[in-house]
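A short worksheet on the structure shown next.
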Amino acid sequence: MAVVTAVETRPRRNVELVLLIVSLGIAIGAYVLVGIAAEGRVQANWMWVGGGLAVLVLGVHAVLRVVAPYADPVILPITTAINGLGLVVIHRLDLAEETSLATRQLLWTAIGVGAAVAVLVLVRDHRILARYTWTAAVLGFALLLLPLLPFIGRNIRGARIWIGLGPLSFQPGEIAKILLALFFAGYLVTARDSLALVGRRFLGLQLPRARDLGPILVAWALSLGVLVFERDLGTSLLFFGLFVAVLYVATERTSWIVIGMSLFVAGAVLAWRIFSHVQRRVDIWLHPFEPGTFENAFQVVQGLYGMASGGLLGTGLGEGRPDIIPFAESDFIFTAIGEELGLTGIFALLLLYLILVERGLRTAIGARDGFGKLLAAGLSFTIALQCFVVAGGVTRVIPLTGLVMPFLAYGGSSLLSNWIVVAILLRISDAARRPAPAEVTG
């Protein structure tokens, strides 16, 4: 007779602390090296920026020891490494352009970390979020449509995805993606039986009933609406892709992937045929060097030249010219890293993102409740999809979408939302890794 021995799960907070020290050492060391390479001296503010980042992430670590001791020990160090690398590259661009965006980025990091701590402290059990499924739906769709309102909506570089209040601006779609992930997880955990078990088989696929197609058709129509009215290809793609991914995880039916991809292709072709801004993006993607599109494709072309000059090992931090790429601190920070750290640095960065997504998906697998599984999988997929479309856009694998690399690019909206995503993943992982309570018999 086989005997199964229970494996004790340990908190692993000391492992997290060691990894955090390594991540901070890499970020602070790179910050110092940038100043030496670019100006021949160590920047006076390196202790302030490095110490500020250290205080923030070590504060999160201390909070985890108290409120989520069994949380995944790798998620926070990986996030710190990517966030720190973003600060380094933005600081390097500051030196070239005589700006101070790195200081602002550190401030937004502090706000994002504060929001993450608030989530960890206030949400002691992620399952209570399922109570707010429909509230999250209403708020999420309202935030998506908020930039369309007069007076507060802002049209920046052709996309109406910002709201402005005086000198402050914010991208509400970043918060909307979290609320919509919560809504999709809450809705599908209750509706997955009818979506997974009922339907007819056709060509090896189990197709859903016509009435069960309603949710995916609504999501498709709303994503097209975002594309049409806000001219935001990135958010439209992220919104629809998130829904299809969570739907597949909930039902494990390949037919939903086929249906989702078919609707995506149909929507993309329709948008390309009708809307001029989509046609312009496709022309930039296919013909960036032709005279008719070169002016609009200048950013893409400069990014390609920058990465080409970086080669395998890069020009070295502070030794390249990423500042000649428009919006290198936000949309094209990936190419700035490719120029100064080379293909090796790009692979290392993508590996960090891959580990982060893998830990999120592992959290989804280990979650003991359906809602936690779907929420963790959905949030992990948003990070993976953003990385793919940004890296694919700047390397001309796919057209540009307007999304930015999580934790890396300059921007307060993105930092705030992604730190909240990390907090939710840490909370779910704590519940997944925490030993189950012993059953009382007698």
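The values are calculated or read from the model by the stated rules, or taken from the named source; none is laboratory data. This is a predicted model, so every value here is computed, not measured. Please note: Cβ atoms are built from the backbone with ideal geometry, for glycine as well, and neighbour counts cover all protein chains shown. Heads up: the accessible areas ignore ligands, DNA and RNA and are worked out on the full protein's heavy atoms, side chains in. Shrake-Rupley method; radii C 1.70, N 1.55, O 1.52, S 1.80 Å.
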task = Would you check if there is a residue in the range 149-159 being open to solvent by 40 Å² or more (accessible area, probe 1.4 Å) and part of a helix (DSSP H, G or I)?
result = no
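Among the residues of the range 340-362, write down those that are among the β-branched types (Val, Ile, Thr) and within 13 Å of the chain's Cα centre (by Cα).
Within the range 340-362, the first condition is being among the β-branched types (Val, Ile, Thr), and the residues that meet it are 344, 346, 355, 357.
Correct list: 357 only.
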key: Members of the range 266-276 found to be β-branched (Val, Ile, Thr) and open to solvent by 80 Å² or more (accessible area, probe 1.4 Å), listed by number   = 274
task = Determine which single condition residue 200 fails, assuming it passes every other condition in (1) at pLDDT below 80; (2) surrounded by 13 or more Cβ atoms within 10 Å (Cβ to Cβ); (3) not hydrophobic (A, V, I, L, M, F, W, C).
result = (2)
remark   = In the range 384-407, anything closer than 20 Å to residue 326 by Cβ and in a helix (DSSP H, G or I) is listed as 389, 390, 391, 392, 393, 394
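Out of 81, 96, which single residue is over 13 Å from residue 117 (Cβ atoms), modelled with pLDDT of 95 or more and of a type outside the set (Lys, Arg)?
Values: 96 fails: modelled with pLDDT of 95 or more.
Exactly one of 81, 96 is over 13 Å from residue 117 (Cβ atoms), modelled with pLDDT of 95 or more and of a type outside the set (Lys, Arg), namely 81.
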ask   = Can we say residue 58 is of a type outside the set (Phe, Trp, Tyr), part of a helix (DSSP H, G or I) and over 22 Å from residue 375 (Cβ atoms)?
value = yes
request  = Scan the range 54-68 for residues that are closer than 18 Å to residue 124 by Cβ, of a type in the set (Gly, Ala, Ser) and surrounded by 15 or more Cβ atoms within 10 Å (Cβ to Cβ) and report the count.
outcome  = 1
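Can you find a residue that is basic (Lys, Arg), farther than 28 Å from residue 359 by Cα and open to solvent by 60 Å² or more (accessible area, probe 1.4 Å) anywhere in the range 36-53?
At the first step, the residues of the range 36-53 found to be basic (Lys, Arg) are 41.
Add one more test, that the residue is farther than 28 Å from residue 359 by Cα, and what stays is 41.
From what's left, open to solvent by 60 Å² or more (accessible area, probe 1.4 Å): 41.
Yes - at least one qualifying residue is present in the range 36-53.
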inquiry  = I need the full set of residues from the range 342-377 which are open to solvent by less than 60 Å² (accessible area, probe 1.4 Å) and of a type in the set (Ser, Thr, Tyr), in order please.
reply    = 353, 363
query = Does residue 81 satisfy the condition of being part of a helix (DSSP H, G or I), more than 21 Å from residue 170 (Cα to Cα) and either acidic (Asp, Glu) or open to solvent by 30 Å² or more (accessible area, probe 1.4 Å) (or both)?
reply = no
Some residue of the range 414-428 being open to solvent by 30 Å² or more (accessible area, probe 1.4 Å) and of a type in the set (Phe, Trp, Tyr) = no
remark   = Per the list (1) surrounded by fewer than 22 Cβ atoms within 10 Å (Cβ to Cβ); (2) in contact with a His (Cβ under 7 Å, 6 or more places away or on another chain), residue check on residue 76 breaks on (1)
request  = Output the qualifying pairs, or none if there are none: Cβ atoms under 7 angstrom, residues six or more apart or on different chains, first residue in the range 248-262 and closer than 16 Å to residue 188 by Cα and open to solvent by 70 Å² or more (accessible area, probe 1.4 Å), second residue assigned to a helix (DSSP H, G or I) and not aliphatic (A, V, I, L, M).
outcome  = 248/256
query = What is the number of the single condition among (1) closer than 30 Å to residue 254 by Cα; (2) modelled with pLDDT of 85 or more; (3) of a type outside the set (Gly, Ala, Ser); (4) within 20 Å of the chain's Cα centre (by Cα) that residue 109 does not meet?
reply = (1)
remark   = Note on the range 384-398: residues open to solvent by less than 20 Å² (accessible area, probe 1.4 Å) and either modelled with pLDDT of 95 or more or polar (S, T, N, Q) (or both) are 386
task = Specify the residue that is most open to solvent (accessible area, probe 1.4 Å); the eligible residues are those in the range 277-335 that are among the aromatic types (Phe, Trp, Tyr) and assigned to a helix (DSSP H, G or I).
result = 305
